[in-house]
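Read the structure below first, then the notes.
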Amino acid sequence: MDWEKKRTILNWSVCISLIVSVGLIGSSLLAQEPHPLLAKLEGQWAVDESQAGSDPIDRQPAFAVAESYLTIEGTSSREAYGNEANDPATLCPMAGTLAVQPVDFELIDRGSFIDIVAYGRTRHVFMDFEREPPETFVPNALGWSVGRWVGDMLVIRTTRLSEGVVKSGERPLPFGGPIAQIVERYTLSEDQNRLSVTINLNDPKFYAYSLRVRHYYARADNILRGRDCVLASGTGPVG
């Protein structure tokens, strides 16, 4: 076979590969259409105090046992930190996530990403679970969040968190760093007016086991978003 024929066959092979690739990408995009429950999840949510303490996986038991989960490095970090009331890290409840304590929040659908607004901060959740942060992304208190729907449950994973603290009463607990991640699971009630959020905090550097908490919310209007917090870098639009 002469060179011209070989080149022609090679060109056709490349074209066919591109056509197949584009077809696969198109199928992938179709599979990622917005979930019908997203419109119901969008809006303002207030802490449902009527559910407080009714669940065995509520905040107090989880953070009470967190002390016994601390690794040697976690204990050292806790002792070194002490109780510095003026540390900016203590001014916000887990800066952007809903992990440490339940707070009123608003969820806004932006198309390719979701905004979660609480305590004067906006966390972007990109609805592409495999999306990686850009090279210029700097770990911060909000971290990098990606989401996807699993059945009728919204799952959000947050990584790239800077080291800081979570509040447990008056004493701080260490959390964050390169290997830390938070996984949130949002589930609407049948009447779609109540919401439960189950949260796993995983940080092998500071804890021998993951921490798990659950909070409850009710649909609301005109929520008070609470005090403003010291803004961290990375709170603006990314990518």
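We did not get these values from a lab; they are worked out from the coordinates using the rules stated. This one's a predicted model, so the numbers in the text were calculated from it and none came from an experiment. Note that we place each Cβ from the backbone using ideal geometry, even for glycine, and neighbour counts take in every protein chain shown.
Some values worked out for this structure:
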{"quantity": "Answer from VAL165, VAL138, VAL117, VAL146 - the residue that is in contact with an Asp or Glu (Cβ under 9 Å, 6 or more places away or on another chain), more than 28 Å from GLU190 (Cβ to Cβ) and of a type in the set (A, V, I, L, M)", "calculated": "VAL165"}
{"quantity": "Flag if LEU142 is under 21 Å from ASN200 (Cβ atoms), in contact with a Gly (Cβ under 7 Å, 6 or more places away or on another chain), in contact (Cβ under 8 Å) with a residue 24 or more places away in the chain and assigned to a loop (DSSP other than H, G, I, E, B)", "calculated": "yes"}
{"quantity": "The range 205-221: number of residues that are closer than 16 Å to SER68 by Cβ, among the hydroxyl-bearing types (Ser, Thr, Tyr) and not in a loop (DSSP other than H, G, I, E, B)", "calculated": "1"}
{"quantity": "Subset tally (residues that are surrounded by fewer than 16 Cβ atoms within 10 Å (Cβ to Cβ) and assigned to a strand (DSSP E or B)) for the range 100-114", "calculated": "2"}
